[in-house]
Amino acid sequence: MSENILSVKGVHKSFGGVHALKGVDLTIKKGEVHCLAGENGCGKSTIIKVISGVHKPDSGEVELNGKKYTSITPSEAIEAGVQIIYQDFSVFPNLTVMENLAINKALASKKKFINKKEFRRIAEEAVNKINFKVDLDALVEDLPVADKQLIAISRALLADAKLIIMDEPTTTLTKTEVKRLFEIIEDLKEQGVTILFVSHKLDEVYEICDSITIFRNGENVLSCQVSEMDDEKFAYYMTGRKFDSQNIKQNAKAGDSILEVKNLSAPGFDNVNFNLRKGEVLGISGQLGSGRTELSLALFGLLKPYEGSIVVDGKEVNITSPAKAQELGIALVPEDRLTEGLFLSQSIKRNINVTKLDELSSKLGVMNITALTDESKGWVKNIGVKTKDHEYPVQTLSGGNQQKVVLARWLATNPNVLILNAPTVGVDIGAKHDIHTLLRNLANEGRGIIVVSDDVKELVDVCDRVMVMQQGKIINEIASGDLNADMLSQYI
Amino acid sequence: MKLLKNNSLSLNQLDGNTARLLTMFVAIFLVASLTKPDMFLSSGNFQSMSKQLVEYGLLSLGVGIAMISGGIDLSVVYIANLSAIVTGMVMKALVLTAVGPELLLFILIAVLAGVLTGFLCGAFNGFLISKLHIPAMLATLGTMQLYMGIAIIISGGSTVSGIPRVFSQLISNSYLFGIPLSFFIYLFVVGFIIFIMSKTKFGMRVFLIGTNARAAAFSGIKINNVLIKTYILSGLLASLAGILSLARLSSAKADFGSSYIMQTILIVVLGGINPNGGYGTIRGIFLATITVQVISSFLNMFPEISNYYRDLIWGVAVIGVLIVNFSANKKTTAKLAKATAN
Amino acid sequence: MNSLTTKKLKKSLVSTEFFVLVLIVLLAVFIEMQSGLFFTNNNLVDLLRSMIVPSIFALCAYLGFISTGPDVSFPLIAALSSYIATQFVVITGFQGSIAIVFLVAIAVGLVLGSINGFIIAKYNFPSLIVTLGTSTIFSGILLGAFEASRMELPATMADFGRQSLLAVTNAKAGIGSSLPMTFLIFVGLYIIVYFVLNHTMAGRGVFAVGGDETSAERAGFNVKLIRFGVFTVSGAIAAIAGVCYTVESLYYLPTEFAGEEMIVIAAVILGGTRLMGGVGTLKGTILGTLLITIVTNSLILVGIPVYWQKFFIGAIIIIGTAISVIQSHNLFKSKKSKDSKGLQNSEVVINETAQKQ
Ligand SMILES: Nc1ncnc2c1ncn2[C@@H]1O[C@H](COP(=O)(O)OP(=O)(O)O)[C@@H](O)[C@H]1O
Ligand SMILES: [Mg+2]
């Protein structure tokens, strides 16, 4: 028998033009806590879904407990003792907390009938393990995000797993909850359970992991013991560049206020105040579910505030729809490129043109095709979208180029305020640098930029100041002088 | 290095289906011409074919646009019937005493009343779907009953007949080069819809909403506005179909042509519209319409084949076409991914 | 503990089932006041009798909705399988138990249902379009290939149809009503389906698949098998409804079935079954069916002409779906979103799902 519980070799996986995995290897020894690190979008979740059988790899193999699989199914993976805490939690919104907790175990033990009493017992055991207080009879769709994550965690801990994979399990957890989780990981380790812990937070890695594998842009770039790691090395392998090599901030001088938010409250956040100036890049950060995304949606007319006011260019405005936001010169590059940003099967041209239709059509609504074509061609060239033809479906592009298309769409509207949510997730280093430089340039032209992100490095690199949100409130604001990675990571 | 091959790839998805349709059309046309030359190739047959396809051809356009936007419109047949009944009743009420030019004016008013009915029905569908967020399928399933119900109520459940002869003469029995006027109306409408869907911003937005409504909202498209217009357009097309059928049959009834629902969906799917939205061409719907008409007329030449068999064939065709398009698309996507991989 | 029960009480008070119940009571009282004929023994038995077949059909529609989406093929599955079962008795001169007749129909229903199930599970096409397609095919087979037409029932079946479970006569009006044996089948089916859905893993799998397909797959449910199974079983249930309908009416008429799907779907949606899958109760389904049956049965009692029926049904479907959609917006802030990244808790005002079927 090998001493490796999991060994992945040469796995490739593409989604259209996005090469999420480019022949990665990943080996985990029995009984260790192994960390898989890498920036957002480097393929961590994808490799996990390959291991669990959710995705079929294009090529390569997975070896679990010495057994080789070229394509494994989810139930085979579960039978082989793999339990996963998915990044998107993978809960059933329409079932009760109790059922969500117990159903996987019942399924794994091949039960045919349901015993409600036993379900309740299993569920209680699950929540007690992590001191999680929740109404077992509530429907999961009524719960806040953090509770969903806790359900996903406690559910995975229940099964008699040999290997537990945790895909960024701490994104919504408070400090105490994280601490409790780490205690549990220690316990599991003592019982001989192997853990694959996915994170891009350095302190977490130091605290509980034995060894580490780092992915960058779909390739594995480093595998070693955590004891051999240090901050600089970590940052270097994660990002592919030296820690402070990038200095794109050119001490821009902030001008007049361009966007002012006063006492703004909406579902997801409460009483938010800030002032964005011309030429400024403002960062907004916080955990998943902290209200950072909702705030960006409210500024773009997709979420209706209960109260408070938004002032654009000195005038109080009521942003009722994205169309209205566009009129006011506000643009949003959304968080999830695939579902919110792109029309995947449509051409690059249509994806860019969508915001220009009104402007480049006659009064009767007939499109000026030449103008639209020129517009799209111009942007493809300007912003450096790598493609052979702008008539190609946008899904054929790589992640970075897809993001540039979304950016181009909004830059075409010549916005005064540009809001970007997670602007460089799943974007390769080259494109990331391009985008960051572009953002600084846009600021220098006198626009106001808001970057919503949980990428500490990104925030430090491009922002003039950063506001940190927690549970819907702004809990801290870090000004330019104090802005550094260590400082920020404390809050996120 | 693969530039040439790649260029054709991006259009493959559309061309594949059009090519399949054309082949199918030609093949069936040939078979029909060879096996029943005297009946099929007669000018009478062409006249009746071009008359028959107009109504469901128009209905299919409406269903097709709704499907491109990511929804469906099941109520078109009953919008058509309701419009025909309204037109017929208004006409009867006004025209009884009228003569000469006044008559024509009254006919025009009656037709406008029918068109207005289609507009209102479509707007109501659009309201339910966009503002109230009721899934298109259920909203139009409901309005289908509702419009039929209204039609039954206002017509008292009986056939509306006794339409002025001029009206049917004018529309249904005028020919240009031996081709009925109604067919020209249909061709004109097809051209107009092709123009709307490919050359206007509205058309582009319908495609984008059908591809990804969420992304459309994030791109500043006023989804509700576009969807209401979409269903209004579908309602207008349906009312036109209803008015033409009133002219052809000189009568209207609340439950005429119930089997057209299936047929329009068949045509739309056959025409290459993706049932999940975002894909397809009006040209495809047009080709599918004439193909279905040719098959239908051909089958009619075999009296021993019961009408009911036609249902069977349509049903099999819908599912068959779905499966063929599904596999073809899968292949195209795979090819595209491969071609762009290096 | 106390707060928990009040919470539960509150929840059941805003539930759709409760609304429907209130509506039924109001309607009953209204009809009684208008006509004085609602709470008569024969009217009540008539209502029960009229509910039997729609309620069994409602199971098919309900199963479709909670697992996948709309299914409109059950009336024709019923028509075709009960035709074959009847023909089987006519041709073979079968004299035995009625149970065998049902079994023949069920076998046919299973086959027809499995065709739906196969296409929907394998290709993931919209269930509405697939079932529209298959029901046209079934209708073509029934009326084209079999040339089915009105048939008198053979004695075995007619006898079963005439047996009554309960017979009442209205003393005043002298009108009698009786409850056929098929009532027991209806009750039995609901008990079985209830048990399977709530007490077996397969049943919970149906809800899991309807609630979140991706999660179900990751948890190790065989999503395709579950969908296939649901539509196959639904075929069998439709077949049972078909035979019940046939024996109740004492003759077989092939054209009586089509069109029933609309009313049944209206009933199921009224009962609170969510359009997007995963949510809905049998209690709601029965209440919805009862409401619709009262409306269709009692329009005459209050002097509304029959031809208003379509209008009322259409209006009820629209109002029912609108209420159910609006409720699911308010009560549960999150919509069923495939991307669970952070947006779950926000009320992003877009109708991403509303358009899809
Ligand atoms: N289902 C999908 N379709 C298309 N692209 C995808 C899909 N899933 C992931 N991707 C892309 O693959 C890349 C890797 O994603 P992922 O594995 O989720 O990254 P992470 O390391 O943050 O977990 C990203 O660019 C992402 O956009
Ligand atoms: Mg991930």
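Each value in this text was obtained by applying a stated rule to the coordinates, not by laboratory testing. All figures in this text were calculated on a predicted structure; none of them were measured in a lab. Cβ placement follows ideal geometry from the backbone for every residue including glycine, while neighbour counts extend to all protein chains displayed.
At a glance:
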quantity	calculated
Calculated from backbone phi, Karplus (6.51, -1.76, 1.60) coupling profile of the range B:125-132 in Hz, x at Gly/Pro	3, x, 4, 4, 6, 8, 6, 8
Local net charge near A:Lys473, Cβ-Cβ under 13 Å (Lys/Arg +1, Asp/Glu -1)	-2
Radius of gyration, Dmax [the range B:2-341; alpha carbons; angstrom]	20.8, 74
Net +/- balance of residues flanking C:Thr86 in space, Cβ distance below 15 Å, scoring K and R +1, D and E -1	-4
B:Glu102-B:Asp38 pseudo-label distance in nm [points 7 Å out on the Cα-to-Cβ vector]	5.2 nm
Charge context of B:Ser69, other residues only, Cβ under 10 angstrom, K/R +1, D/E -1	+1
Overall Cα dimensions of the range C:28-123, principal axis frame, Å, largest first	52, 42, 16
Amide H within-cut-off set for A:Ile419, under 5 Å, with H built and near neighbours excluded	A:Ala331, A:Leu332, A:Val333, A:Ile450
The protein assembly as shown - share of DSSP beta bridges that are antiparallel (%, nearest 5)	60 percent
Helix A:97-108 axis, angle to chain A major axis (alpha carbon atoms, nearest 10°)	50 degrees
The range A:247-491 - Debye-derived log10 I(q)/I(0), Cα point model, q = 0.11, 0.12, 0.14 Å⁻¹	-0.56, -0.67, -0.91
Rotationally averaged projected area of the range C:159-237 (alpha carbon convex hull; nm²)	7.7 nm²
Dipole of the range C:37-325, positive end: most advanced residue of C:Leu76, C:Gly284, C:Leu47 [Cβ charges, Cα centre]	C:Gly284
Compactness of the range B:115-222 as Cα Rg over 2.2 N^0.38 Å, two decimals	1.46
Amide proton proximity set for A:His19, modelled H, under 5 Å, gap of 5+	A:Gly399
Across A:Lys68/A:Lys189; A:Lys110/A:Lys189; B:Lys131/C:Lys122, pairs whose alpha-carbon gap is larger than 29 Å	B:Lys131/C:Lys122
Contact order relative to length of chain B, as percent, for alpha carbon pairs under 8 angstrom and 6 or more apart	33 percent
Note, ³J(HN,Hα) from phi for the range A:149-162, Karplus 6.51, -1.76, 1.60, rounded to Hz, x at Gly and Pro	5, 5, 5, 4, 5, 5, 5, 5, 6, 5, 5, 7, 8, 8
Whole-number percent relative contact order across chain A, with pairs defined as alpha carbons under 8 Å at least 6 apart	16 percent
Zone residues, the range C:197-224, relative to A:Tyr69, backbone N less than 18 Å from point 7 Å out along Cα-to-Cβ	C:214-224
Cα coordinate range in the range A:4-245, projected on the principal axes (Å, largest first)	56, 39, 36
For chain B, calculated [θ]222 nm from helices alone, where every DSSP H run of n ≥ 4 adds -39500 (n - 2.57)	-26500 deg cm²/dmol
Debye log10 I(q)/I(0) for chain A, one point scatterer per Cα, at q = 0.11 Å⁻¹	-0.99
Estimated distance in nm for a label pair at C:Gln87 and B:Ile109, the labels positioned 7 Å out from Cα along Cα-to-Cβ	5.6 nm
Calculated P(r) of the range B:149-276 - Cα pairs past 17 Å, %	70 percent
Along principal axes, Cα extents of the protein assembly as shown, largest first, whole Å	90, 70, 61
Charge dipole (debye, nearest 20) of the range B:195-318; +1 at Cβ of Lys and Arg, -1 at Cβ of Asp and Glu	660 debye
Residue-by-residue Karplus 3J(HN,Hα) for the range A:468-482, coefficients 6.51, -1.76, 1.60, Hz, glycine and proline x	10, 10, 8, 6, x, 10, 7, 9, 6, 9, 10, 7, 2, x, 8
Cα-only radius of gyration and Dmax that characterise chain C, units Å	21.1, 66
Unmatched cysteines, the protein assembly as shown - criterion: no other Cβ of a Cys under 4.7 angstrom	A:Cys42, A:Cys224, A:Cys463, B:Cys121, C:Cys60, C:Cys244
The range B:246-323 - Rg (one decimal) and Dmax (whole number), Cα, Å	14.0, 41
With Cα atoms, 0 to 90° folded angle of helix B:76-95 axis to chain B main axis	20 degrees
Net charge dipole size for the protein assembly as shown [Lys, Arg +1 and Asp, Glu -1 on Cβ; Debye, nearest 20]	1680 debye
Viscosity 1.306 mPa s, temperature 10 °C, Stokes-Einstein D of the range A:135-216 from Kirkwood C-alpha radius, µm²/s	115 µm²/s
Amide H contacts under 5 Å for A:Leu196, placed H, 5+ residues apart	A:His34, A:Ile164, A:Ile165, A:Met166
